[in-house]
Amino acid sequence: MIRPSSRQSGFTLLEVMVALAVIATAFTALLGLHVRNLETMARENAFSRSLLLAETLAAEAELEGYPDLGTTQGDFASKLSGEAAGFTWERQVREWMLPGTREITIRVVPPRGEESASELTLFVSRNVR
């Protein structure tokens, strides 16, 4: 006659609870990492878009010719329909060291705020004929 073993195989409740706690901790850490990656991606996307918009304004400034001194600002709602909603810009024009040369600084701030803002500086000189 075969005698049944008095010791049963398997996991105890304590072992299962410890394993679940370890898995839950790992998933929580991975979820936090995923959220941080999404935030970083959104910030970088906003920075890239603000940089492209700043380059657009820089091209317009170069085509404009010799700009007047001062600061101007606005948003892109009137220029671009919906694609740049919430993005604002500021353009400062100052005299520079060389006679007849002006420094133009263009700053574009996305809706996310200052952390994703971009700034370009270019120099324009008077046409010499």
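The values are calculated or read from the model by the stated rules, or taken from the named source; none is laboratory data. Because the structure is a prediction, the values reported are computed rather than measured. No Cβ is skipped: glycine too gets one built from the backbone with ideal geometry, and neighbour counts run over all protein chains shown.
Has segment 63-78 got at least one residue that is over 20 Å from Leu122 (Cβ atoms) and modelled with pLDDT of 85 or more? Outline the logic, then answer.
First pass over segment 63-78, keeping only residues over 20 Å from Leu122 (Cβ atoms): 75, 77-78.
Right, trim to modelled with pLDDT of 85 or more and you get 75.
So far as segment 63-78 goes, yes, one or more of its residues are over 20 Å from Leu122 (Cβ atoms) and modelled with pLDDT of 85 or more.
Restricting to segment 98-129, and then to whatever is aliphatic (A, V, I, L, M) and touching a strand residue (DSSP E or B) at 6+ places or on another chain (Cβ under 6 Å), can you tell me which residue is surrounded by the most Cβ atoms within 10 Å (Cβ to Cβ)?
Applying the filter and picking the extreme gives Val108.
The conditions are (1) closer than 18 Å to Arg49 by Cα; (2) assigned to a strand (DSSP E or B); (3) touching a Leu at 6+ places or on another chain (Cβ under 9 Å), and Leu80 fails exactly one of them. Which is it?
Against the list (1) closer than 18 Å to Arg49 by Cα; (2) assigned to a strand (DSSP E or B); (3) touching a Leu at 6+ places or on another chain (Cβ under 9 Å), Leu80 comes up short only on (2).
Please go through segment 97-129 and give me each residue that is at pLDDT below 90 and either among the hydrophobic types (A, V, I, L, M, F, W, C) or part of a loop (DSSP other than H, G, I, E, B) (or both), ordered by number.
Residues satisfying the conditions are Leu98, Pro99, Gly100, Pro111, Arg112, Gly113, Arg126, Asn127, Val128, Arg129.
Just wondering, is there one or more residues in segment 57-65 that are touching a residue at least 12 places away in the same chain (Cβ under 8 Å) and in a loop (DSSP other than H, G, I, E, B)?
Of the residues in segment 57-65, the ones touching a residue at least 12 places away in the same chain (Cβ under 8 Å) are 57-58, 61-62, 65.
After this cut, where a residue has to be in a loop (DSSP other than H, G, I, E, B) as well, the list is 65.
Checking segment 57-65: at least one residue is touching a residue at least 12 places away in the same chain (Cβ under 8 Å) and in a loop (DSSP other than H, G, I, E, B).
From the residues in segment 53-78 that are more than 16 Å from Gln92 (Cα to Cα) and loosely packed, with under 15 Cβ neighbours inside 10 Å, which one is farthest from the chain's Cα centre (by Cα)?
Filtering first and then ranking leaves Leu63.
Looking at Arg49, Arg94, Arg36, which one is part of a helix (DSSP H, G or I), among the basic types (Lys, Arg) and either without any contact (Cβ under 8 Å) to a residue 12 or more places away in the chain or surrounded by fewer than 16 Cβ atoms within 10 Å (Cβ to Cβ) (or both)?
Numbers: Arg49 fails: either without any contact (Cβ under 8 Å) to a residue 12 or more places away in the chain or surrounded by fewer than 16 Cβ atoms within 10 Å (Cβ to Cβ) (or both); Arg94 fails: part of a helix (DSSP H, G or I).
Testing whether each residue is part of a helix (DSSP H, G or I), among the basic types (Lys, Arg) and either without any contact (Cβ under 8 Å) to a residue 12 or more places away in the chain or surrounded by fewer than 16 Cβ atoms within 10 Å (Cβ to Cβ) (or both) leaves just Arg36.
Within segment 86-126, count every residue that is under 24 Å from Thr40 (Cβ atoms) and either within 15 Å of the chain's Cα centre (by Cα) or of a type in the set (Ser, Thr, Tyr) (or both).
16
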